[in-house]
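Take a look at the structure set out below.
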Amino acid sequence: MNNVDKDIQNLKSIRFRNPGYKRKRILKPAQEIALRQFLFSSINENVFVISTGLGMDVYYISDKDYSDFIEKNLYLFHPEEVNKEILIEERHAGVEVLQYFQVVVHTLTSHPQLLYSCIKKILSQFNELGVRSKLDRLLFQCLDDYIEKLAQEESLPFNRKINRLRQEIDNNLPLADATTSTLIQTYLNANHLN
């Protein structure tokens, strides 16, 4: 088993959302940054936190499951809203994380403005923080491969704007990791969700 296989097996995610249909972020931007730093220190550098109007996702690579730890400590980062109800919508592990990641992006294709907003947020975070850790590279490659697939199928709204964001990141990345991309596709094809 190579390192990418092991990383995919140790990949985990947890998604939080507000109850009902509220397009309000779980955490304010400063709180999100503080949570990310806390998780970097508590778990490891392979943590990715992304928050949109749809909810907040925490991705991490670890052989230990930290989902309960993340859930319990999330409340430290919005103390002024202690009674705020936050729901845990999804928990995934291994290749299911990558599948879920793609399902979310695919679901948003029927809502072009929302898809563009979410992709822009994720790509902006990669551009701002860099694609440094193995988790960053794994998620970036998964998203980039799926964006490319949508572009080829001509079902990617705001294609030019998204490609411009991708190019900004590509200019800051080391050479593309074709092996990681191939392994991700192999896992996703072998474990396809209908």
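The values are calculated or read from the model by the stated rules, or taken from the named source; none is laboratory data. Keep in mind the model is a prediction, meaning the values are calculated, not measured. Note that we place each Cβ from the backbone using ideal geometry, even for glycine, and neighbour counts take in every protein chain shown. Please note that ligands, DNA and RNA were not included when accessible areas were found on the heavy atoms of the full protein model with its side chains. Shrake-Rupley method; radii C 1.70, N 1.55, O 1.52, S 1.80 Å.
Among the residues of segment 17-40, those identified as modelled with pLDDT of 90 or more, of a type in the set (A, V, I, L, M) and open to solvent by less than 30 Å² (accessible area, probe 1.4 Å) are 35, 39. Exactly one residue among 14, 43 is surrounded by fewer than 20 Cβ atoms within 10 Å (Cβ to Cβ), in contact with a strand residue (DSSP E or B) (Cβ under 8 Å, 6 or more places away or on another chain) and aliphatic (A, V, I, L, M), and that residue is 43.
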